Amino acid sequence: MFIGIDWGGTKMEVIALGRDGGTRARHRVPTPTGGYDDCVRAVVDLVAAAEQTAGERGSIGIGIPGSPNPRTGIVRNSNAVLINGKSLGRDLEAALGRPVRLANDANCLAVSEAVDGAGRQARIVFGIIAGTGHGGGLAINKKVHAGYQGIAAEIGHYPLPWMRPEEYPGHRCWCGKLGCLDMYACGTGLELDYRTTTGVDRRGRDIIDLKRAGDPAATGVYQRFVDRLARSLALLTNIVDPDVFVLGGGMSNVDEIYGELPSLITRYVFADSFETPILKAVHGDSSGVRGAAWLWKE
């Protein structure tokens, strides 16, 4: 049995999968706000709950925002700041009494969709999370490719490609740098652009509804979002050229983008055409937690 945990900023979720990918147990709790030790205890409790429900012991994989340093095990680059600087893997192994595998949550999306999702027929799957932020994950032969530094596919923190004069130097990102894609090609970026353009705060889904109703301001914001996402995918094609892109996160549910992205990407990619499939994650919001479980699938 494979146990996966998705460590999110507001919730923690556990899933137990059988070898056939069937769900044996599933539980969700709010992410504790009391501190690091409370979060570690919450993971222990979730594993115990999953194993009690399934009646079986399982391997444990955990998807986290951020990534562990492959040489020290120290977590860095997480917007869940309480785990930065912590030896999370070792602490969890001590608390659980067994080995634990950690991976970036976007890498878990890529693995999930490579194993039994939209990319199951592909060798190289690039997962894109376009939700609260803009993140990426890379799976090769159905396994995480984290890279020598452990930060492969960390696409949210390179600058918006082919930045236009009116976009330069870009918004300041939570990481401290200017112009990061995390501030553009995601739901938060859509909302920020609408607020900057109109002076009004609206949720991403409301902006999409307005765009579909023909609202000019919402339409302009949406068109800029899709173009910025296209620039990101074009740069990734130039560097990685994966067999398939799989999109997750809230903005992946905007069906119009799948028809519009290919022609936009063609404008930017260093080739005479763009033919790479761009698919919606089959497992949707479950891809992260399922991919964490599959970190142990050999």
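The values are calculated or read from the model by the stated rules, or taken from the named source; none is laboratory data. No experiment lies behind these values; they were computed from the predicted model shown. Virtual Cβ from ideal backbone geometry, glycine too; neighbours counted across all protein chains shown. Accessible surface areas use protein heavy atoms only, side chains included; no ligands, DNA or RNA. Shrake-Rupley method; radii C 1.70, N 1.55, O 1.52, S 1.80 Å.
Observations, loosely collected:
- Fully extending the segment from T31 to T53 would add 5.8 nm, taking 0.36 nm per residue of separation and subtracting the current Cα-Cα distance.
- Peptides ranked, highest mean first, by Cβ atoms within 10 Å: ranges 23-34, 103-114, 129-140: 103-114, 129-140, 23-34
- Spatial extent of the chain: Rg and Dmax, with the Cα atoms as the point set, Å: 19.1, 60
- In terms of packing, defined here as the mean over residues of other Cβ atoms within 10 angstrom, the peptides 199-208, 275-284 line up highest first as 275-284, 199-208.
- Using distinct alpha-carbon pairs, which all enter the 1/r mean, Kirkwood radius of segment 97-222 in Å: 16.2 Å
- Working note: Karplus 6.51/-1.76/1.60 with θ = phi - 60° gives segment 9-18 the couplings x, 10, 9, 10, 10, 10, 9, 10, 10, x Hz, where Gly and Pro are set to x.
- Computed extension gain for F270 through N238, at 0.36 nm per residue and net of the alpha carbon distance, reaches 10.9 nm.
- Extended-chain gain in nm, criterion 0.36 nm per residue less alpha-carbon gap, T198 and R123: 22.6 nm
- Here the accessible area is traced with a 1.4 Å probe on the protein chains. For segment 120-281, carbon and sulfur cover 53 percent of it.
- Site pair R90 and S263 shows an inter-label distance of 5.6 nm when each label is modelled 7 Å from Cα along Cα→Cβ.
- For segment 231-298: rounded, prolate or oblate by the Cα gyration tensor [a/c cutoff 1.5]: oblate
- Here is what passes the span test in the chain: the DSSP H helices with alpha carbon length of 15 Å or more along the helix axis and a Kyte-Doolittle mean of -1.0 or above are 36-54, 105-116, 187-198, 216-239, 256-268.
- When peptides 235-244, 54-63 are sorted by average Cβ neighbour count within 10 Å, with the highest value leading, the order is 54-63, 235-244.
- Beta-bridge orientation, segment 120-281: approximately 60 percent antiparallel, per DSSP, counting only bridges with both partners inside.
- Relative contact order [Cα under 8 Å, 6+ residues apart], the chain, whole percent: 20 percent
- The residues of segment 120-281 have, on average, 48 Å² of accessible surface per residue, using a 1.4 Å probe with all protein chains present.
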